[in-house]
Amino acid sequence: MNQHAAATIYLDNNATTPLDPRVLAAMNRAWQDYGANPASQHAPGRRARRAIEEAREALIAMLGGRTTGMAADRLIFTSGGTEANHLALNGLLSPQQPARGLAISALEHPSIQGTAEYLRQQGIPIERLPVRTNGMLDLATLPALFDRPLEQRPQLISLMLASNETGVLQPVAEVATLARTADVLVHTDAVQAIGKVPVSFGELGVAAMTLAAHKFHGPIGIGGLLVRHEVQLQPQMFGGFQQGSLRPGTESAALAIGFQCALELWQQERTERAQRMQQLRDQLQSTLQSELPTSVVIGQEVLRTPHTLCISFPPLERQALVMALDLAGIACSTGSACASGSSETSPTLVAMGLPAEVVGSAIRFSLGAFATAPEVSEAANRIIKTVKQLQRAN
Ligand SMILES: Cc1ncc(COP(=O)(O)O)c(C=O)c1O
């Protein structure tokens, strides 16, 4: 092994982000303070319960949900984004005769695509809403969907708030406004938007929203589904009364506190974090574009999350590129971590109608909140060198 190999630069924050040391410190204290089962009736159990409920309420408030009164919104803790997406689609689609279906955008994460496929096998009609080449949902197709007779309209639409691959922000609030008058529920997977751009559940007007703490420097192992107060949700797990029987199983006070702490830190530092990430992402993008003029940046015509850069280097093959970059000390990916490792082309980029050679060589760099200018400029040098080497060998 080369002992002088330079340290790896981590540009795969859309897969997961490193835990913020301040969150770790808060969790370390919580593991010690709340060792009892929060469902136990004794004093230590009640203390753990109180800590969880305080974290839940703080999270709902920070996410722009309602915390008080009869109309309080509910936050159901899950193991992460995948489980929350499963709970949303399965739990919001109440059995109806005849079954009204589910519409998802063609951009969705594999956890939504996979659940939709499962529901299709159970006889639920599924349709995919088209997207434009700029990476945004094609809103023009929606009026025809909502003008159909009620029994032919979907019961639920699932549209992500920000794409994990391109970072492109989706018109979720507009869809929710149109859907409300058409008796259609809207779920949004906000996993890649929270902790990157301001998000208000109340302003989005959706029925339910998926979250995951590990995408904004919180712990892996906790996420949630925020559900509007009056919306019915069917449980998908049974045999316990925790979380109103909607997601039974022992909850972790330490994970809930880590989740809360990570979101509080984002709230306190968000202007500075967003500015830094956007400035460094734009610097990386412009350096790569000027040094590698045949590169193609995907999604740059519209609003994107500040830290994501999806870029293609045709005609290089993206798997070979990611492996060569790994050897050069750059950790990045070909797209969703749940699909990477497979050689399947990105359904998101295909749905955008991009040329095959652009799709075939697209990779994703995603910055964290604590990225630095020297690190990003060193990353740009390594990427340029690696791409040029591969281009010469091609
Ligand atoms: C948009 C989106 N939704 C859902 C998930 C799944 O979240 P988790 O890894 O917490 O299960 C991810 C993770 O990559 C994601 O990017």
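The values are calculated or read from the model by the stated rules, or taken from the named source; none is laboratory data. Predicted model only: the values in this text are computed from it and were never measured. So basically every Cβ, Gly included, is an ideal-geometry build from the backbone, and we count neighbours across all protein chains shown. Remember, those area values only see protein heavy atoms, side chains included, never the ligands or the DNA or RNA. Shrake-Rupley method; radii C 1.70, N 1.55, O 1.52, S 1.80 Å.
Structural remarks
- Ratio of Rg to Rh for the stretch 138-264: 1.01 [Cα atoms; Kirkwood radius as inverse mean 1/r over pairs].
- Relative contact order of the stretch 19-128, pairs being alpha-carbon contacts under 8 Å that are 6 or more residues apart, as %: 15
- Of PRO21, ASN85, VAL172, farthest towards positive along the dipole that unit charges on Lys, Arg, Asp, Glu beta carbons give the stretch 21-264: PRO21
- Taking every DSSP helix (H) stretch of at least 4 residues in the chain, weighting each as -39,500 (n - 2.57) and dividing the sum by the residue count yields a mean residue ellipticity at 222 nm of -12500 deg cm²/dmol.
- Carbon and sulfur %, accessible surface of the chain computed with the full protein complex present, 1.4 Å: 54
- Each Cα pair of the chain feeds into the Kirkwood radius, which the Stokes-Einstein equation turns, at 37 °C and 0.692 mPa s, into a diffusion coefficient of 149 µm²/s.
- Across the chain, the longest run free of exposed loop sites, meaning chymotrypsin sites (Phe, Trp or Tyr not before Pro) lying outside DSSP classes H, G, I, E and B with no more than 11 other Cβ atoms within 10 Å, spans 1-237.
- Angle in degrees between helix 21-33 and the longest Cα principal axis of the chain, rounded to the nearest 10: 30
- Summing Cβ point charges (Lys, Arg +1; Asp, Glu -1) relative to the Cα centre of the stretch 122-241 gives a dipole of roughly 200 debye.
- Site pair ALA393 and ARG132 shows an inter-label distance of 4.0 nm when each label is modelled 7 Å from Cα along Cα→Cβ.
- Cα gyration tensor shape of the stretch 190-272, rounded if a/c is under 1.5, else prolate or oblate by comparing a/b with b/c: oblate
- Sequence-separation-based contact order of the chain, relative, with Cα cut under 8 Å and 6+ spacing, percent: 23
- Calculated on alpha-carbon atoms, Rg and Dmax of the stretch 236-394 in Å: 19.4, 62
- A simple rule links phi to the HN-Hα coupling: the Karplus curve 6.51 cos²θ - 1.76 cosθ + 1.60 with θ = phi - 60°, which for the stretch 185-190 gives 7, 10, 10, 10, 8, 9 Hz, with x for Gly and Pro.
- Accessible area (Å², per residue) of the stretch 21-264, counting only protein heavy atoms and a probe of 1.4 Å: 41
- Per-residue 3J(HN,Hα) values for the stretch 162-173, derived from phi via the Karplus relation 6.51 cos²θ - 1.76 cosθ + 1.60 with θ = phi - 60°, read 9, 6, 5, 8, 9, x, 5, 7, 9, x, 5, 4 Hz in sequence order (x marks Gly and Pro).
- Qualifying lysines (Cα of each under 21 Å from Cα of LYS196; at least 8 residues distant if same chain): LYS215
- For the stretch 258-281 versus the stretch 7-47, the inter-centroid distance based on Cα atoms is 18 Å.
- When +1 charges are put on Lys and Arg Cβ atoms and -1 charges on Asp and Glu Cβ atoms, the dipole computed for the chain relative to its Cα centre reaches about 420 debye.
- Top positive-direction residue, dipole computed over the stretch 21-264 with Cβ charges, set GLY69, ALA182, ASN37: ASN37
- Taking packing as the residue-averaged number of other Cβ atoms within 10 angstrom, the listed peptides 36-42, 89-95, 250-256, 166-172 run from highest to lowest as 166-172, 250-256, 89-95, 36-42.
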